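Take a look at the structure set out below.
The values are calculated or read from the model by the stated rules, or taken from the named source; none is laboratory data. Please read these numbers as outputs of a predicted model, since none were measured by experiment. The accessibility values were calculated without ligands, DNA or RNA, using every heavy atom of the protein model including side chains. Shrake-Rupley method; radii C 1.70, N 1.55, O 1.52, S 1.80 Å.
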Amino acid sequence: VMGVEIGGALKNVVAIAAGIVDGLGLGNNALSALVAQGTAEIRWLAVRMGAESSTITGVAGVGDIMLTSFVNLSRNRTVGVRLGRGERLEDILSSTTQVAEGVKTAQVVVALARKYNLILPVLTAVAQVVDGQLEAKEAVDTIMHFPQIDDVEEGFDFYKQMAVDYKEARGKGRKVGKSSNTNGSSPAPPPPPSSSHAATNELTGV
């Protein structure tokens, strides 16, 4: 049951990422790679939270993720497409009566990545886009240049590595968007939820 709940919540975050790739017009290869990586990240987090890996890799997990990520009727995918096309999140949400659950869930993922000491580049990048800390194209570029990882590495500081990646990008003359600080430092990751959320559901934040 836990695996179904975790997969059902986090699939929406992956769907936003998939929509961003489509909105940017990056093609099917990039889309497939990103969804595959996002699915692996859901499995890593689910296992750390006590779920069975087989639940995520089964129909209830992967099947649901594929449907939400690739079907145009998906609310969360639609939000991602519009973000990828350059629309503001506030405008997107105010223009529809439907709820895109992945927007709020993405914000919770950052705290979970820190709590469980996990590398979740796709899920946390979506959180940074939603929070306005990264442009959609910057987020996808960061994910696509992220080192290939076979499994979770204990102690790996994803946030520090993201900062290093951005500094290297600047050194090579690549454009880094408005999320940069005026002193030239790399954008900071979103802060974890306040302590008042300690008793809430870890995934939904409610």
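Give me the base-10 log of I(q)/I(0) for the stretch 10-67 at each q in 0.12, 0.16, 0.27 Å⁻¹, Debye formula, one uniform scatterer per Cα, rounded to two decimals.
-0.27, -0.47, -1.06
Which whole-Hz couplings ³J(HN,Hα) result when phi for each residue of the stretch 14-26 is put into the Karplus expression 6.51 cos²θ - 1.76 cosθ + 1.60, θ = phi - 60°, listed in order with x for Gly and Pro?
My calculation for the stretch 14-26 gives 4, 5, 4, 4, 4, x, 4, 4, 5, x, 7, x, 8 Hz in order.
If you roll a 1.4 Å probe over the stretch 67-115 with all protein chains in place, what percent of the accessible area is carbon or sulfur?
The C+S portion of the solvent-accessible surface of the stretch 67-115 is 53 percent.
Convert each backbone phi in the stretch 5-12 into a coupling constant with the Karplus relation 6.51 cos²θ - 1.76 cosθ + 1.60 (shift: θ = phi - 60°), then list the ³J(HN,Hα) values in order as whole Hz, x for Gly and Pro.
With coefficients 6.51, -1.76 and 1.60, one gets 5, 5, x, x, 7, 6, 4, 5 Hz.
Over the stretch 37-114, with the other protein chains present, what is the accessible area per residue in square angstrom, probe 1.4 angstrom? Walk me through the intermediate numbers first.
Values: 3790 Å² over 78 residues.
Result: 49 Å² per residue.
Using a 1.4 angstrom probe on the protein heavy atoms only, line up S95, S74 by accessible area, largest first. Write out the running numbers ahead of the final one.
Details: S95 70, S74 15 Å².
From most accessible down to least: S95, S74.
Can you give the convex hull volume per residue for the Cα atoms of the stretch 1-155, as a whole number of Å³?
103
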